[in-house]
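Everything on this sheet refers to the single structure shown next.
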Amino acid sequence: MNATIMSETELKEQVVLALKTVYDPEIPVDVYELGLIYEIKIFPVNNVYILMTLTSPSCPSAGSIPGEIEQAVRNVEGVNDVSVELTFDPAYSSDMMSEVAKFELGFM
């Protein structure tokens with residue numbers, strides 16, 4: 001018997017916490033606070049879909065960040081499968097950063 005069954009909301013919160021452990025190597029702010037995560041969906045049974053972008057299409061970390069995100073989310077207890085999709089529509093802008101990120105980077 002499964003010891004703990006998380007609700008979709010609880011699982012999503014755990015996914016966000018995992019995302020906050022992944023950083024763009026050039027920016028000292030995590031990918032979630034940077035606004036690089038456009039969408040998080042949870043499908044039965046605990047399959048996680050993440051739609052994300054990068055700070056630019058020529059980002060030197062384009063090859064590694066999506067994989068790091070996938071691995072971090074896979075490590076969340078209860079997650080069955082992870083799918084990370086990369087998009088550049090809409091294009092990223094600093095307006096997408098959280099206030100925490102803007103503060104960290106001196107935009108505020």
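Below is a table of values for the structure above.
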read-out	value
Output for the range 78-104, where each listed residue is assigned to a loop (DSSP other than H, G, I, E, B) and either farther than 15 Å from Ile65 by Cβ or among the charged types (D, E, K, R) (or both)	Gly78, Val79, Asn80, Asp89, Pro90, Ala91, Ser93, Met97, Ser98
Qualifying residue in the range 54-75 (condition: in a strand (DSSP E or B) and either in contact (Cβ under 8 Å) with a residue 60 or more places away in the chain or surrounded by 12 or more Cβ atoms within 10 Å (Cβ to Cβ) (or both))	no
Residue match in the range 20-29 (condition: in contact with a Ser or Thr (Cβ under 9 Å, 6 or more places away or on another chain) and among the charged types (D, E, K, R))	yes
Boolean, Ala3 is among the small types (Gly, Ala, Ser), modelled with pLDDT under 90 and surrounded by fewer than 12 Cβ atoms within 10 Å (Cβ to Cβ)	yes
Whichever residue in the range 79-104 is surrounded by 15 or more Cβ atoms within 10 Å (Cβ to Cβ) and touching a Leu at 6+ places or on another chain (Cβ under 9 Å) and, among such residues, is nearest to Thr9 (Cα to Cα)	Val79
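The values are calculated or read from the model by the stated rules, or taken from the named source; none is laboratory data. Note that the structure is predicted; figures quoted are calculated from it, not measured. Note: ideal-geometry Cβ built from the backbone for every residue, glycine included; neighbour counts use all protein chains shown.
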